[in-house]
Amino acid sequence: MCGIVAYIGPREAYPVIMKGLKRLEYRGYDSAGVALLDKHNLRVFKKQGRVAVLEESIIGEDLHAHAGIGHTRWATHGEPSDRNAHPHLSASGRLAMIHNGIIENYAQLKTELTKKGYHFKSDTDTEVLLNFIEDIQENNQCSLEESLRIALKRVTGAYVIVLLDRNHPDTLIAARKGSPLVIGIGKGEHFLASDASPIIEYTKEVVYVNDYELAIIKCDELILKNLGNEKITPFVQKLDLELTAIEKGGYDHFMLKEIFEQPDTIFDCLRGRLDAAKGTITMAGVQNNLDKLSQAKRIIMVACGTSWHAGLIAEYIFEEICRIPVEVEYASEFRYRNPVIHPGDVIIAISQSGETADTIVAIEKAKEQGAFIFGVVNVVGSSIARISDAGAYTHAGPEIGVASTKAFTAQLVVLILIALKIAHEKQTLSDERYMMLLSELHAIPEKVKELLHSSRHIRKLAEKYKGVSDALYLGRGNNFPVALEGALKLKEISYIHAEGYPAAEMKHGPIALVDEQLPVVFAAPKSVYHEKLISNIQEIKARKGMVLAVISEGDDVIAKMADDIMTVPLTDELISPLLSVIPLQLFACYLGMAKGFDVDKPRNLAKSVTVE
Ligand code: M6R
């Protein structure tokens, strides 16, 4: 969480930073701030609220500078307020710093500094770290770089920090551990950011900074060092990202754009991998490790949020066609348990951002115990992609809406491809069914396109249901996790309380909630559970609940029973979540829009959760 941007070079720093912050606002939007440094003149402007609020508040100020740092905050230590907004100034006023992450031992450091007479203007861990750095520098009469190195050896937690020193307007100093930092290399200029989106319009040459690395950046020089003060050769990569991918492209909201992009993102995810006619799946990361994957005694999926739901769906698919036992773990729980990992266990880590702190630590824990880690990640070059032993990218392109949509279906596609490849290798799936599933998968992008034609109808339903205060989402088999995902989308985007449940489990408790006020949303595409679901719908109708069902085309039975329906094209039930989830994404999005909420930036949330 939190977005950081920094610039040094011949351009005006302020517009570069503000534009960048707007692109990174999905990472947090509790407050925004900027520090500008020009010829020893250091100015800090910060404000609670969105970047636009900050921008408005500093019209008319002297914003001229060729070096600067900016921050958009997702609050951890201290409420969202002007005084807790970044950048923070050190006690002397000489240093300004932005920070993304959490300093876990900040309380101890604060006590030490308080005993030395330091006073703090904010409640943040960031201000503590900043003063700790300055204190070391003053006591040791050393360079800022050296004091930072000493400080970071004492610090526990996660950080990307960028420092400006009033006495050295030609230099930015940055460090990273556990939070992302990309440096863009221009001609006589450098750009720093939490992801590449603020950088792409200026340069495609980037360096992804690794954990425990420090960067000393001047206009025409980039020096990377480790905490032992040894120089590291920067690994310069070419960005494979276009500006259009991070713009709204005519849609009012990124979330809506991303939902509608799914025919293309699924197609991109399959492209070059699936050849349905030849019956082949080409995925280097899987092929090179096919022995490990197909001989796995157990697969453990670790993920959070929507990615965890993708793992749950994959559990059904892997167990069904690969006959490998699968466990799906919340990364946040897995990391703190003492999980039993045997030789031959494979971890599949699923993450859109590739930066989710809990997932990263869960991977590290499993690695320590000798597990083989396979990453299913969207953001190229992200931490999880880099620490995994092997992996497959989801190729969904930048997902900017805080609620995950196209990344979810792309995760499912990748997981399905892996499962099919393993099942084919193990011969746990008949050749006939294998070929049929490949051809069904091949047809999915067109079917998604087709179902999106019903978006107007779904928008009307959203209008109809916008007044409800609760909703229950039900499904069976691999559409049970679709129910969980539908409920999560509704909660996130429309702030309506929603719960997902296995449909059969309803009678063990949640049925008590059912009355004429409660919409019950069924994820019920054609499957072996069809008759069972019909019974569950009857049970709801008998108690006067409202039934809204996602069904397959031609399902007249449920169509007649339900109050409202959303239809999806027919496909094999094994891969049906790829279709059934999309009406639920649209429903949540339109409902949030109908209620007048900012669906791209739901309250209290941030896109990538880089704190635990
Ligand atoms: O980037 P990741 O996939 O690791 O993120 C995991 C969750 O934080 C994420 O899916 C979150 O639940 C989204 N807000 C869901 O829409």
Margin query: Need the full-extension length gain, A284 to D556, defined as separation in residues times 0.36 nm minus the C-alpha distance. One decimal, nm.
Written below: 93.6 nm
Next item on the list: Any chance you could list P(r) for the stretch 253-429, counting all Cα-Cα pairs in 10 angstrom bins from zero, rounded to whole %?
Entry: 11, 41, 36, 11, 1
Item checked: Compactness relative to 2.2 N^0.38 Å, alpha carbon Rg of the chain -> 1.00
Note to self: Run the reach check for K292 against lysines, Cα to Cα strictly under 26 Å, same-chain hits fewer than 8 apart removed. What comes back?
What the structure shows: K278, K365, K367, K421, K426
Next item on the list: Could you sort out which of K110/K153; K22/K248; K121/K607 sit more than 18 Å apart by Cα distance in this structure?
Entry: K121/K607
Check: Tell me, what % of the accessible area of the chain is carbon and sulfur with a 1.4 angstrom probe?
Finding: 51 percent
Next item on the list: Within 10 Å, count the other beta carbons around each residue, average over each peptide in 178-186, 505-513, and list them highest first.
Entry: 178-186, 505-513
Note to self: Per DSSP helix of 4 or more residues, -39500 (n - 2.57); summed, then divided by the residues of the chain. What does that give at 222 nm, rounded to the nearest 500?
What the structure shows: -11500 deg cm²/dmol
Margin query: For the chain, give me the percentage of DSSP beta bridges that are antiparallel, rounded to the nearest 5 percent.
Written below: 60 percent
Next item on the list: Under 17 Å Cα to Cα from K460, which aspartates and glutamates show up? Leave out anything in the same chain fewer than 8 places away.
Entry: D563, D564
Checklist line | Additional length obtainable on full extension of the chain from E247 to V380, 0.36 nm per residue less Cα span | finding: 46.0 nm
Check: Using the per-residue mean of other Cβ atoms lying within 10 Å as a proxy for protection, in what order, highest first, do the peptides 560-572, 479-491, 518-530 fall?
Finding: 479-491, 518-530, 560-572
Note to self: With +1 assigned to the C-beta of every Lys and Arg and -1 to the C-beta of every Asp and Glu, and no other charges, what is the dipole magnitude of the stretch 453-600 about the Cα centre in debye, to the nearest 20?
What the structure shows: 260 debye
Check: To two decimal places, what compactness ratio does the stretch 453-600 give when its Cα radius of gyration is scaled by 2.2 N^0.38 Å?
Finding: 0.93
Margin query: Contact order normalised by length for the chain, with contacts defined as Cα pairs under 8 Å and 6 or more residues apart; what percent is it?
Written below: 12 percent
Item checked: For the stretch 349-483, accessible area per residue (1.4 Å probe, heavy atoms of protein chains only), Å² -> 33 Å²
Notebook entry, point to check: Mind checking which helices in the chain clear 27 Å along their axis (Cα) and have mean Kyte-Doolittle hydropathy of 0.0 or more, DSSP H runs only?
Noted result: 406-426
Notebook entry, point to check: How many Å² of accessible area per residue for the stretch 3-240, probe 1.4 Å?
Noted result: 38 Å²
Item checked: the stretch 235-331 - charge dipole about Cα centre, Lys and Arg +1 at Cβ, Asp and Glu -1, debye rounded to 20 -> 400 debye
Next item on the list: Treating cross-link reach as a plain straight distance, find the aspartates and glutamates whose alpha-carbon is under 16 Å from the alpha-carbon of K116, omitting any fewer than eight places away in the same chain.
Entry: E127, E134, D135, E138
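The values are calculated or read from the model by the stated rules, or taken from the named source; none is laboratory data. Keep in mind that what you see is a predicted model, and the values were worked out from it rather than measured. Methodologically, a virtual Cβ is constructed for each residue, glycine included, from the backbone with ideal geometry; neighbour enumeration extends over all protein chains shown. Keep in mind that these areas ignore ligands, DNA and RNA; they rest on the heavy atoms of the full protein, side chains included. Shrake-Rupley method; radii C 1.70, N 1.55, O 1.52, S 1.80 Å.
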